[in-house]
Structure formats: C-alpha cells, structure tokens
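Trainee: Pasting a structure here, questions to come.
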Amino acid sequence: MRLVFATNNAHKLEEVRRILPPVCEVLSLRAIGFSGDIPETGTTLEANSRQKAETISQWLKANGEGLQVDGVFADDTGLEVDGLNGAPGVYSARYAGEPANDAANRAKLLGDMQDLTDRRAHFRTVVTLIRGGRTDRAEGMVYGRILTAERGDNGFGYDRLFVPREEDANGRGRTFAEMGEDEKNEISHRARAMEAMRKVLDL
C-alpha cells in the first residue's frame, strides 16, 4: 500500500514511517513532486488535518498521472495546556509567530506559564485519511505535564518540555526529548492516532 503523507515536516515523516508497518510505503511530498505550500487556515485540528489531506488529494488528481498512490493522509497536532485554556492548541507550530521556530515556541510557552501551578497538558493528533473517495478520521492523545525548564536533546517541537503521565510512560518520568524514537513511539499521541488509522486501513 502506497500512501502520501501531506506534510513538509521531515521529523513527522520519519516518525510515521517508523510507526506504520513495512507493508505500508509512506511517500513524502517531494517524492510525488509537490513543492508548494499547504494551507492551514482552520481554527481546529480537525479542520486543518482535513484541509491538508484534501489539498494534496486534489493536487494528485490534477498532477499525479502515472503515480500509483492508494490514498493520502494528513495530521495536525496541538499541545493543549489546561492552565492556558487549551492554548497553544491549533496554533502550536506558530505559537511565537512567523516564521515557525521550535525554540521560540518553547520559550513563549515557558513565559506564559511562569506563574501557573497547574502544569497539566496533553498532546492531541488528528489524522484525516482520503482513500478511494472516502474520508476517515483518527485521533490520538497523551496526557502529561509541562516542566519549568527544557530537558533532553531528541524529538522536536515541545518534546523537551513535556513529561507523559506515569501510567502512559511506565513511570519513566522523562520528557519525550529524553526518550529514543522507538520508545517515544510506543506511547505518543501520533503513534496512537496512527494505530487508529491502521485499524481503518486493516493493516
């Protein structure tokens, strides 16, 4: 099965390829010849995920002659902090403004949470799959807390600040950035969303 992942994020692409089984070939946008920008004008994760999947699906119909592709999927992920009323949420990737910058986003989050005692947060990933004229949606979440300082060198985004709760991380007490890729993929929001998508695909 060949699926196009509608993202320009190399970290996400690598992560998803490690999560899905070998029988599923995940193609990058570069592999199909798409070099444009994908709009993300939705105000929810669901809307953005669907918009991205539809954009690439429509592009393939117009430009994908000769490409053997079984479907397109896209994700949108947000970090939702309880004490910030769910922010940064759908704006997580550009929380500190344009251009998107992970370090600046983390710094803004720490500043905004400086006086908060409630550090609870969760990551949520919404995946939209378009295949054979049908659209399906899958979702994954992981709960945890935000630290007061960064820890770890792996991962991307807010991984250096997020510690999954013990029941999800087997009491590890480490940030996503302190875990290896395979270890993170056992429990991450994206892994759970992709596992739900695997059931839709019957993989």
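All of the numbers you see were taken from the coordinates with simple rules; none came from a lab. All values reported here derive from a predicted model rather than from experimental measurement. All Cβ positions, glycine included, derive from the backbone under ideal geometry; neighbour counts span all protein chains shown.
Trainee: Any residue at all in segment 123-131 that is surrounded by 20 or more Cβ atoms within 10 Å (Cβ to Cβ) and part of a loop (DSSP other than H, G, I, E, B)?
Mentor: Looking for residues that are surrounded by 20 or more Cβ atoms within 10 Å (Cβ to Cβ) and part of a loop (DSSP other than H, G, I, E, B), one finds none in segment 123-131, hence no.
Trainee: If you don't mind, another one. So which residues in segment 132-160 are basic (K, R), outside any loop (DSSP other than H, G, I, E, B) and surrounded by 15 or more Cβ atoms within 10 Å (Cβ to Cβ), if there are any at all?
Mentor: Once the filter is applied, which keeps residues that are basic (K, R), outside any loop (DSSP other than H, G, I, E, B) and surrounded by 15 or more Cβ atoms within 10 Å (Cβ to Cβ), segment 132-160 yields R137, R145.
Trainee: Further question on the same structure: Out of the residues in segment 10-27 meeting the condition of being surrounded by 15 or more Cβ atoms within 10 Å (Cβ to Cβ) and touching a residue at least 60 places away in the same chain (Cβ under 8 Å), tell me which one is farthest from V126 (Cα to Cα).
Mentor: Here the answer is C24.
Trainee: Also, quick follow-up: If a residue has to be in a loop (DSSP other than H, G, I, E, B) and not acidic (D, E) to count, how many in segment 108-122 make the cut?
Mentor: Qualifying residue count, segment 108-122: 5.
Trainee: Quick check on this structure: which one of F34, F73 is touching a residue at least 60 places away in the same chain (Cβ under 8 Å) and either of a type in the set (F, W, Y) or in contact with a Ser or Thr (Cβ under 7 Å, 6 or more places away or on another chain) (or both)?
Mentor: Checking each option against the conditions leaves just F73.
Trainee: Pick out the one residue from R120, R174 that is on the phi < 0 side of the Ramachandran plot, out of contact with any Phe, Trp or Tyr (no Cβ under 9 Å at 6 or more places or on another chain) and not β-branched (V, I, T).
Mentor: Testing whether each residue is on the phi < 0 side of the Ramachandran plot, out of contact with any Phe, Trp or Tyr (no Cβ under 9 Å at 6 or more places or on another chain) and not β-branched (V, I, T) leaves just R174.
Conditions tested, residue by residue: (1) basic (K, R); (2) on the phi > 0 side of the Ramachandran plot; (3) touching a residue at least 24 places away in the same chain (Cβ under 8 Å).
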site	(1), (2), (3)
T135	no, no, yes
M141	no, no, yes
L147	no, no, yes
G157	no, yes, yes
D182	no, no, yes
E186	no, no, no
E195	no, no, yes
R198	yes, no, yes
L201	no, no, yes
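Trainee: Let me ask you something else. Looking at G71, G42, G78 in this structure, which one is closer than 17 Å to G132 by Cβ and surrounded by 13 or more Cβ atoms within 10 Å (Cβ to Cβ)?
Mentor: Only one candidate passes the filter, namely G71.
Trainee: Now, a different point. Filter segment 53-107 down to residues that are in a loop (DSSP other than H, G, I, E, B) and of a type in the set (S, T, Y), then give me how many there are.
Mentor: Qualifying residue count for the region: 2.
Trainee: When the residues of segment 91-122 are filtered to those that are closer than 20 Å to G42 by Cα and among the small types (G, A, S), which remaining residue is surrounded by the most Cβ atoms within 10 Å (Cβ to Cβ)?
Mentor: Only one residue tops the list, namely S92.
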